[in-house]
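The values are calculated or read from the model by the stated rules, or taken from the named source; none is laboratory data. No experiment lies behind these values; they were computed from the predicted model shown. In this analysis, Cβ positions are derived from the backbone assuming ideal geometry, glycine residues included, and neighbour counts consider all displayed protein chains.
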Amino acid sequence: MMSKSRDIHPDFRFLLELKEQNLIKLFKDLRSYILEIYPDSNELLYHTHALTAVFSISDKLADGFCMIPVYTNHLNLGFHKGTLLNDPHKLLTGTGNLIRHIPVKAPTDYRNKKTKDLVRSAVDFAIKYMEKPAKSVGQTISKITRKG
């Protein structure tokens with residue numbers, strides 16, 4: 001069954017379109033893939049040091065299970081609690097206290113069973129440790145402030 005695709009929020013799309021074409025294409029495909037794996041995820045959008053879509057089981061950043069930060073020349077599939085996840089295939093890199101990521105250069109970096117299992121494991125982890133039940137399901141919530 002094909003789930004209906006979710007449009008990219010206009011605030012985010014505006015900033016995404018300033019990126020290189022290959023990054024835009026990778027972002028769109030990776031975003032679709034995450035939403036296929038967990039269609040109920042809320043998408044929280046930020047623009048800080050990177051243009052970032054956070055996928056969360058609630059409307060809170062703390063309940064995020066993964067994210068796609070889009071930098072100037074690359075993007076990653078990031079995991080908020082990466083150091084706490086079971087990563088049998090050693091897909092995750094990084095040195096932070098919690099956050100780990102998979103560097104993304106091509107769809108083959110994430111469109112595989114190992115990555116799908118890792119995303120599912122991150123969702124399960126987020127659900128297990130969620131403090132309060134989610135008020136929002138399947139929403140896109142922009143935290144981007146447009147200047148001018």
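For the stretch 54-62, the criterion of a residue being outside any loop (DSSP other than H, G, I, E, B) and under 22 Å from Lys19 (Cβ atoms) is satisfied by at least one position. Please go through the stretch 89-98 and give me each residue that is within 21 Å of Ile127 (Cα to Cα) and either modelled with pLDDT under 95 or in contact with a Ser or Thr (Cβ under 7 Å, 6 or more places away or on another chain) (or both), ordered by number. Those that are within 21 Å of Ile127 (Cα to Cα) and either modelled with pLDDT under 95 or in contact with a Ser or Thr (Cβ under 7 Å, 6 or more places away or on another chain) (or both): Asn97, Leu98.
Checked against the criterion of being of a type in the set (S, T, N, Q) and either part of a strand (DSSP E or B) or more than 13 Å from Tyr38 (Cβ to Cβ) (or both), the stretch 116-129 contains not a single residue that satisfies it. Among the residues making up the stretch 20-76, those that are more than 15 Å from Thr140 (Cα to Cα), crowded, with 18+ Cβ neighbours inside 10 Å and more than 12 Å from the chain's Cα centre (by Cα) are Leu23, Leu26.
Only one of the numbered conditions (1) of a type in the set (Val, Ile, Thr); (2) farther than 26 Å from Asn22 by Cβ; (3) out of contact with any Lys or Arg (no Cβ under 8 Å at 6 or more places or on another chain); (4) free of Cβ contacts under 8 Å to residues at least 40 places away in the same chain is not met by Ile141, and that is (4).
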